[in-house]
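A quick write-up on the structure given underneath.
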Amino acid sequence: MGWTAFAVLLIVVLFFYGKKKENPPAGVSTGRPEAVSEDEYDPFDGWRRSLTTLWKGSTAIEFSYDSSSSGWSHRKVELNEIAESPGGQIYLRGFCSLRNEERFFRIARIVGPIDCEGAELSGEELFQALTEKEL
């Protein structure tokens, strides 16, 4: 009797495992907006919207960065925004020439000074200089 129940359970599991994923019933949320296809859905969109902009503008900066996924690298970035997360982390957003795309950089992962128009600044000094329009 035990083996029969196990065999039936195994067949049921294999049947549902191999079954093609169907669209959820009407009214059931998938977690992404209905107007956005699965290919266009960006799971970080909610995180980006949760950020508070502290500064917006445009200036070229260079720094060394220790990424959690790819390790240490030197970055040249056209800085467009400094923002703060709800948890208090400060991020720089700009176009990264190394990755050839817009990126966010957590300021706590920047190693050493940030070069901004020839001045070597800490993250705090950079923010202060930009908000006071010294650069």
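Just so it is clear, none of the values below were taken in a lab; they were calculated from the coordinates. Remember, it's a predicted structure, so these values are computed and weren't measured experimentally. Because the Cβ atoms are built from the backbone with ideal geometry, glycine has one as well, and the counts that use them run over all protein chains shown.
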Q: First check a/c for the stretch 45-131, with a ≥ b ≥ c the square roots of the eigenvalues of its C-alpha gyration tensor; if it is under 1.5, answer rounded, and if not, answer prolate when a/b is larger than b/c or oblate otherwise.
A: rounded
Q | Nonlocal amide H pairs with ASN80, under 5 Å, H built at 1.01 Å | A | ARG93, GLY94, PHE95
Q.
Taking the Cα of THR53, stepping 7 Å toward and past its beta carbon, and measuring to each backbone N in the stretch 86-101: which are under 11 Å?
A. none
Q. Under a 5 Å amide H to amide H cut-off, with H placed in plane at 1.01 Å, what residues pair with GLU102 once short-range neighbours are removed?
A. CYS96
Q) For the stretch 58-69, in order, what is each residue's ³J(HN,Hα) by Karplus, 6.51 cos²θ - 1.76 cosθ + 1.60 with θ = phi - 60°, in whole Hz (x at glycine and Pro)? A) 7, 7, 7, 9, 9, 6, 9, 10, 10, 6, 5, 9
Q) Once the Cβ-Cβ distance between ALA129 and ASP45 is put in as r, and R0 is 35 Å, what FRET efficiency do you end up with, to the nearest 0.05? A) 0.70
